[in-house]
Amino acid sequence: MTELKVTGTIKEILPIQSGESAKGQWKKVEFVVSNNEGYEGREQLFFFQIFGAEKVDKFTKYNKVGDSVDVKFNIRTNEYKGKYFTNLEAWSVFGLSEKKSEPVEVYPEGEDSEILPF
């Protein structure tokens with residue numbers, strides 16, 4: 001299957017949902033990403049969900065409304081009592097921040113700086 005990816009801006013993050021099922025505790029968050037890649041530059045909306053406590057916590061820690069992101073996702077359809085439900089399940093949300101980190105010195109002055117071969 002081809003990798004599915006959307007680039008856009010987080011427009012909304014819905015409240016975290018949690019509960020308990022026969023398989024145990026669950027936690028999910030849903031969010032909306034928008035971009036202007038629709039017909040003649042019109043806005044497109046994509047509604048994603050992330051399942052799993054660790055994934056939800058990581059998403060909410062590093063992302064907020066207004067952030068530019070690349071979202072990699074799978075399309076999943078489930079059947080329940082003769083009805084079908086399709087979801088976009090995000091499995092990677094990568095921020096496109098323009099912030100640049102400070103360079104890190106691998107060998108600070110005076111600490112093994114002579115072991116470099118050049």
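Residues in the range 45-62 that are touching a strand residue (DSSP E or B) at 6+ places or on another chain (Cβ under 6 Å) and more than 10 Å from Lys28 (Cα to Cα): Leu45, Phe46, Phe47, Phe48, Phe59. Every test in (1) surrounded by fewer than 16 Cβ atoms within 10 Å (Cβ to Cβ); (2) under 11 Å from the mean Cα position of the chain (by Cα); (3) assigned to a strand (DSSP E or B) is passed by Asn78 save one, and that test is (2). Elements of the type strands (runs of 3 or more DSSP E) sitting completely within the range 15-72 and holding at least 3 residues that are in contact with an Asp or Glu (Cβ under 8 Å, 6 or more places away or on another chain) and either more than 18 Å from Leu88 (Cα to Cα) or without any contact (Cβ under 8 Å) to a residue 40 or more places away in the chain (or both): these cover 24-35.
Residue count for the range 7-22, restricted to those that are closer than 28 Å to Glu37 by Cβ and either polar (S, T, N, Q) or modelled with pLDDT under 95 (or both): 2.
Scanning the range 44-63 for residues that are surrounded by fewer than 16 Cβ atoms within 10 Å (Cβ to Cβ) and modelled with pLDDT of 95 or more turns up Gln44, Leu45, Phe47.
The values are calculated or read from the model by the stated rules, or taken from the named source; none is laboratory data. Everything quoted here is computed from the prediction, not taken from an experiment. Glycine gets a Cβ as well: all are built from the backbone with ideal geometry, and neighbour counts include every protein chain shown.
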